[in-house]
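Read-outs: derived from the displayed coordinates by stated rules, not from any lab. None of these values were measured; they are calculated from a predicted model. Backbone-built Cβ (ideal geometry, glycine too); neighbour counts: all protein chains shown.
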Amino acid sequence: MTLLAAVFVVNSAQAVNAQYQDINYAVDEITWTAEVIANPRVTGEVLIPEQIVVGQHTFTVTAIGDKAFKGCKNLTAIVLPKTLQRVYRSAFDGTGIMLNKANWVDGCLWIDSILIATDKNIKPRFEVPENTLVIAAGAFQGNKTIQRVDLPASITRIDHETFRDCKNLQKVVIPPTVTSIGEDAFTGSGLYLNENKWKKGAFILDDCLIATNNDLPAKFIFKNKIPIRLIAERAFANRKGLKSVEIPETITAIPTAAFYGCENLTEVTIPATVREVGNFAFYNCGALKKATLPTELERLGMGAFYGCGNLADQVLSDKIEVLEQATFFSCHSIKRLTLPAHLRRIEAGAFAGCTSLDEIVLPPTLTDLGDQAFAGCSTIRKMVIPNGITALNKQVFQGCTRLYRLDLPDGIYAIGDEALDGCLALERINIPKSTFRIGVRAFHNCQQLRNIILVDHIHMIEEGAFMECKMLEEIQLPASLKKLERGAFAQCISLQKVTLNDSLRVIDDGAFCQCRSLREVVWNDSLQSIGVEAFLDCKYLPIPIIDPSIAVGKNAFKGCKERR
């Protein structure tokens, strides 16, 4: 199976590139936000608006991405919106803005209310002004002058690598308004390298757990005199000796990759106060068995439990509306999972490879099933698709080898590429009257599919759509179909009769090749071409008398029954 033969790569399926007023963006159709991405040839003065319009939708600009304007020597000025939540220092590396010394004040490069970068001319003790909205990721990185930084209440995030390798940094005052700290924000700094700042394998600053090391005990319980209110991203990542964790009730979010790769972690106590579990929070925690999710949880990030092969059955909070990409990818031990009552979306690969999952009910509120959402769920036996779903997306049930029944709603317009590929036990499926397209290898290798009614509105039966459906016995092509694509019914070894519709013009290469039981084709008068090896090795099919006006490909009827 293609999905499980390779590592599942998580991409943001809802993020697409767009251009607005000559600037490139990635827009997110879930959060309705936009990020400025690579613009290698921007010159002069640039205005980044608070919102952009793409098609019929409006997106709020919240980020200037990594290397967004890198190397644009002729970029001389830029106006940034107040809606920004994240900016990368690297976005302005090598730009005219950064190279112009006149833009630097007291060792700082500012753009509006955003601190972009610092250099050796900064004051050793630096108070970030109160009106500062954002400090760029990496803004102080490698600065050997800075010794103390006081952050204002206007700052809500310390981004990744902000103070990395600031060798002489001895103190940072973190205000209570800071709600997230990025990966490696303090790694290699004077603070990080100070052994007195570490206690029992944990590095804590101003009631924030920044990082851990290999001195961390196997059973970690937060016992700080001042309660920990915040855990930094990747704080526990790759701690092989960690076996159990009790997260305190002062924590409201488990951040991105917090326990990434803790392969011996078996149990984590998540308090009721937690509202968010971030992206890849427990990625590849293969030994994790117990992680009871709070009833008030609002977000479960993409890949949150990716590869947690021993994780027990889960009940998900009714406040979760989107299950993000690869959330439970390859959670082999989950048998039953209760989905939120108001769930709207299940994104790509959310349950892919959950090989023990045999009981799941999709809520009626669901409007989207992402690519590969249940791919490789080899124990699911039946499923009812809610009325809000309008398409079966790519590989959505690929390799569900025990799925014998799938009920589709009336509004389905497409059955996507490889949607049911390898569903060996599939016996019954209704094709709704609204269906327009049956995609590439959509029913490939559905070996128990005996009967299927192809409704008249189907315009596309694509390459290999029913290839190796070994139990199919009779097919009547839909009235709207004009071309039957390559290999559409190839190797359907039980197929005995095919009725061509009056609109069919083209039978493509190998469409019925190796249909060894095929005895009868009801031909039409509108056919214009028959492709290469279209009926190859259909040994019981009499070679027809073909009108000379019809183009017939090489070996179209090779191996068929000769007329006497």
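With just the Cα atoms defining each centre, how far is segment 95-114 from segment 130-168? Give it in Å.
With segment 95-114 and segment 130-168 each reduced to a Cα centre, they are spaced 16 Å.
Any idea what the relative contact order of segment 289-435 is, in percent, if you count C-alpha pairs under 8 Å spaced at least 6 apart? Provide the component values of the computation, followed by the final result.
Working: 476 pairs, mean separation 22.7, N = 147.
Normalised by residue count, the contact order of segment 289-435 is 15 percent.
Lys/Arg Cβ at +1, Asp/Glu Cβ at -1, dipole of segment 15-181 taken about the Cα centre: which of Ser154, Ala117, Asn39 is farthest positive-ward?
Value: Ala117.
About its Cα centre, what dipole magnitude does the chain give when the only charges are +1 on Lys and Arg Cβ and -1 on Asp and Glu Cβ, stated in debye to the nearest 20?
Details: 61 positive and 62 negative charges, 260 e Å.
Value, rounded to 20: 1240 debye.
Sorted from fewest to most neighbouring beta carbons within 10 Å, what does the list Val149, Val105, Val521 look like? Let's see the in-between values first.
Values: Val149 25, Val105 9, Val521 19.
By the 10 Å Cβ count, ascending: Val105, Val521, Val149.
Note down the relative contact order for segment 201-306 as a percent, whole number, built from C-alpha pairs under 8 angstrom at least six residues apart.
Details: 298 pairs, mean separation 22.0, N = 106.
Once normalised by length, the contact order is 21 percent.
In deg cm²/dmol and to the nearest 500, what is the mean residue ellipticity at 222 nm of the chain if only DSSP H runs of at least 4 residues count, each as -39500 (n - 2.57), divided by the residue total? Walk me through the numbers on the way to the answer.
Details: 2 runs with 8 residues, N = 564.
Per the formula, 0 deg cm²/dmol.
When a footprinting reagent is the concern and you count Cβ atoms within 10 Å, what order do Asp150, Asp66, Asp509 take, fewest first?
Working: Asp150 13, Asp66 17, Asp509 20.
Fewest-to-most Cβ neighbours within 10 Å comes out as Asp150, Asp66, Asp509.
Between segment 250-293 and segment 324-345, what's the alpha-carbon centroid distance in Å?
15
Could you size up the charge dipole of segment 201-306 around its Cα centre, putting +1 on the beta carbon of Lys and Arg and -1 on that of Asp and Glu, and report it in debye to the nearest 20? Please list the in-between numbers first.
Working: 12 positive and 11 negative charges, 60 e Å.
Value, rounded to 20: 280 debye.
So who's got an amide H within less than 5 Å of the one on Val172, skipping anything under 5 residues away but keeping other chains? H placed 1.01 Å off N, in plane.
Val149
In Å³ and rounded to a whole number, note down the convex hull volume per residue for the Cα atoms of the chain. Don't jump to the answer; show the numbers that get you there.
Values: hull volume 90.6 nm³, N = 564.
Here the figure is 161 Å³ per residue.
Need the C-alpha centroid separation for segment 424-451 versus segment 38-76, integer Å.
About 45 Å separates the Cα centre of segment 424-451 from the one of segment 38-76.
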